[in-house]
Amino acid sequence: ALVDTLPGLVWHCDTEGRCRFVNARWSRYTGQPAEALLGSGWLSWVHADDLDATAAAWGAAVREGRDTSFACRLRRHDGAVRWFE
């Protein structure tokens, strides 16, 4: 419940890199139920120009078991695009 009150997009993934939880803010931002964003569903909201680099950065971090930070654009439910890190 606490995570759902945070103003940011919060998610949790397993050791294989599969998204297992998104907070309510993710669902409001995309207009999709949480279930649609789980696994690798969140990648479908990454801007097409950022998708390859985002997937590669995420995949490398998961394979190497390291923290990472990267920026990418995410589409909002109304088609607007915003940068996130």
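The alpha carbons of the chain occupy a box of 32, 30, 20 Å along the principal axes, longest dimension given first. Between the beta carbons of Ala53 and Arg82, assuming R0 = 22 Å, the FRET efficiency works out to 0.85 to the nearest 0.05. Heavy-atom surface analysis with a 1.4 Å probe gives the chain a carbon and sulfur content of 54 percent of its accessible area.
Applying the Karplus relation 6.51 cos²θ - 1.76 cosθ + 1.60 with θ = phi - 60° to segment 65-78 yields 3J(HN,Hα) values of x, 10, 5, 8, 9, 8, 10, 7, 9, 10, 6, 8, 3, 9 Hz, where x marks Gly and Pro.
Working note: 222 nm ellipticity from helices only, DSSP H runs with n ≥ 4, each -39,500 (n - 2.57), summed and divided by the residues of the chain, gives -9500 deg cm²/dmol to the nearest 500.
Which order do the peptides 1-8, 48-55 take when ranked by the mean count of other beta-carbon atoms within 10 Å per residue, highest first? Can you show the working numbers first?
Numbers: 1-8: 9.5, 48-55: 13.6.
Sorting 1-8, 48-55 by mean packing, highest first, produces 48-55, 1-8.
Explain nothing, just the number: dipole magnitude of the chain about its Cα centre with +1 on each Lys and Arg Cβ and -1 on each Asp and Glu Cβ, in debye rounded to the nearest 20. Each step should come with its number before you reach the end.
Working: 10 positive and 11 negative charges, 41 e Å.
The calculated dipole for the chain is roughly 200 debye.
Shown here for the chain: trypsin sites (Lys or Arg not before Pro) in loop regions (DSSP other than H, G, I, E, B) with at most 11 other Cβ atoms within 10 Å, namely Arg66.
Once the 1.4 Å probe is applied to the protein heavy atoms, the chain comes out at 63 Å² accessible per residue.
The values are calculated or read from the model by the stated rules, or taken from the named source; none is laboratory data. Here the structure is a predicted model, which is why all the values come from computation and not from measurement. Here Cβ is always computed from backbone atoms with ideal geometry, including for glycine, and neighbour counts include all displayed protein chains. With ligands, DNA and RNA removed, areas are computed over all heavy atoms of the protein, side chains included. Shrake-Rupley method; radii C 1.70, N 1.55, O 1.52, S 1.80 Å.
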